[in-house]
Amino acid sequence: MKLNRRSFLKHFLAAGSLLAGAGSLLSACSGITRSDLPNADTSGKLTVPLDEIRTSILYHASLAPSGHNSQPWFVKVISQNEWIIGADPSRRLPAVDPQNRETMLSLGAFAENLALAAGTFGFKAAITVIAEDSLARDILQVSLVPAATIDYPLQRVARRMTVKNGYLSTEIKKSDLDALSTPLNGHLVYFPAGTEHANCIREGAIENFRIQAQRDDAQRELVNWVRLGNEDARRRRDGLTVEGMEIRGLKGWFVRNFVQPEDFLQPGFRRQGIDQTATLARQGGGWLVITSRGQTVADLIETGRRFERMALLARERNIAIHPMTQYLEEKAGINQIAANHQANMIPQFLLRVGYLNRYPEPVSLRRPVSWFVQ
Ligand SMILES: Cc1cc2nc3c(=O)[nH]c(=O)nc-3n(C[C@H](O)[C@H](O)[C@H](O)COP(=O)(O)O)c2cc1C
């Protein structure tokens, strides 16, 4: 039988689960990960050069999570201690995040990491919202003010990551939940696996993923952020790499070398994505819902900051969290949530949660500081 690329892909899809099991065979041929790339690349152009401490503060800020790993931030350096953090319009996700809600949450996480890192270097970061709405370009103003050094393990920021596979079904312990709840200050709710509400969230997460998988504009937008080949990943240092999508071993090698991002638009790939999401959604110890007081830029930035503080604590306690956002992006999901909850209960994150036996090292890539500083 002659095997052209199309039939090769078809066979690959059919054999997907079989290949997934062959993981260890080709572990030597792995994809590019964060530790393969130096973070001190200075190939960008800075109008005001930053010293090592300030570069390190911004590097740690950039380890924040973001939807599709779009890293939607830029930083305008006014002076050594005065910066503007903005939302880069070329990094928006209009098909799934038309109002920049998720961009604001990601900028909040960026701001939180920035404040923590600044504290360890003896600066208080005074961060104020300057944007009037979430579609503005300049969002936050940062002033670094000399202050007493805070004792915070910055390694925590470097080790946080989104994990999707390998969740245990154990319920989250009360002591851990109390710790994770502290930064959220009343805006975190936990639904243990098996409860009626957890089942409802799980089914909604799967259903809205399915709806989004059929929306061409959303899938084309996703394709723009998929970095399958190592060279592409190295050149762009953003988006979703094969390692970041947790496609490992023989399957990962195949995807890196033979699959094109546009293949994700094929019905077979879409179906496989839905099946995988359904499998993942059934793993773990339940769901966390993070809510906010309102929908202003300040509310979203504050929620992103609190979310990041929680995510850093979760990593320390061997707890994985996986945002599953389609429920909050699709009209059907948004309407269903609005119809069944009070108006002041505004969910901003739906997170699958679970303990891990072993926490992996972070793999998602980041642009070097000089690439996002102006
Ligand atoms: C607002 C927001 C929404 C996200 N939504 C999803 C999602 O729906 N599915 C998913 O797998 N990951 C989601 N993520 C996780 C990102 O894909 C992840 O943060 C990014 O790839 C960088 O990886 P890291 O968190 O390991 O650093 C989301 C993250 C944020 C901040």
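Annotations
- Looking at segment 67-152, the trypsin sites (Lys or Arg not before Pro) that sit in a DSSP loop and have at most 15 other Cβ atoms within 10 Å of their own Cβ are Arg137.
- Efficiency of FRET from Cβ geometry, Thr149 and Thr296, R₀ 45 Å, rounded to 0.05: 0.85
- Among the trypsin sites (Lys or Arg not before Pro) in segment 163-221, those located in a DSSP loop and surrounded by at most 14 other Cβ atoms within 10 Å of their own Cβ are Lys173.
- Set of aspartates and glutamates with alpha-carbon distance to Lys76 below 16 Å, sequence-local pairs under 8 removed: Asp51, Asp88, Asp138
- Taking 20 Å as the straight-line reach from the Cα of Lys331, the aspartates and glutamates in range (excluding those fewer than 8 positions away in the same chain) are Asp97, Glu102, Glu203, Glu207, Asp216, Asp217, Glu221.
- Dipole orientation for the chain: of the candidates Ser143, Pro153, Thr303, Pro153 has the Cα lying most toward the positive pole (charges on Cβ; Lys, Arg +1; Asp, Glu -1).
- Ser292 long-range amide H proximity, modeled H, under 5 Å: Ile346, Gln348
- Of all accessible heavy-atom area on segment 234-374, the percent that carbon and sulfur account for (1.4 Å): 49
- Helices meeting the span-like rule in the chain (full DSSP H runs, Cα extent of at least 27 Å along the helix axis, mean Kyte-Doolittle score of -1.0 or higher): 101-120, 297-316.
- Relative contact order of segment 236-342: 8 percent, from C-alpha pairs under 8 Å at least 6 residues apart in sequence.
- Amide H contacts under 5 Å for Gly286: Ala193, Val353, restricted to partners 5 or more places along the chain or on a different chain, H placed in the peptide plane at 1.01 Å from N.
- Segment 57-74 and segment 102-181: distance between their alpha carbon centers, rounded to Å: 11
- Between amide H atoms placed 1.01 Å from N, distances below 5 Å from Gly122 occur with Ile150, all of them 5 or more places distant or on a separate chain.
- For segment 213-231 versus segment 281-301, the inter-centroid distance based on Cα atoms is 24 Å.
The values are calculated or read from the model by the stated rules, or taken from the named source; none is laboratory data. Because the structure is predicted, anything quoted here is derived from the model rather than measured. Because the Cβ atoms are built from the backbone with ideal geometry, glycine has one as well, and the counts that use them run over all protein chains shown. Heavy atoms of the whole protein, side chains included, go into the accessibility calculation; ligands, DNA and RNA do not. Shrake-Rupley method; radii C 1.70, N 1.55, O 1.52, S 1.80 Å.
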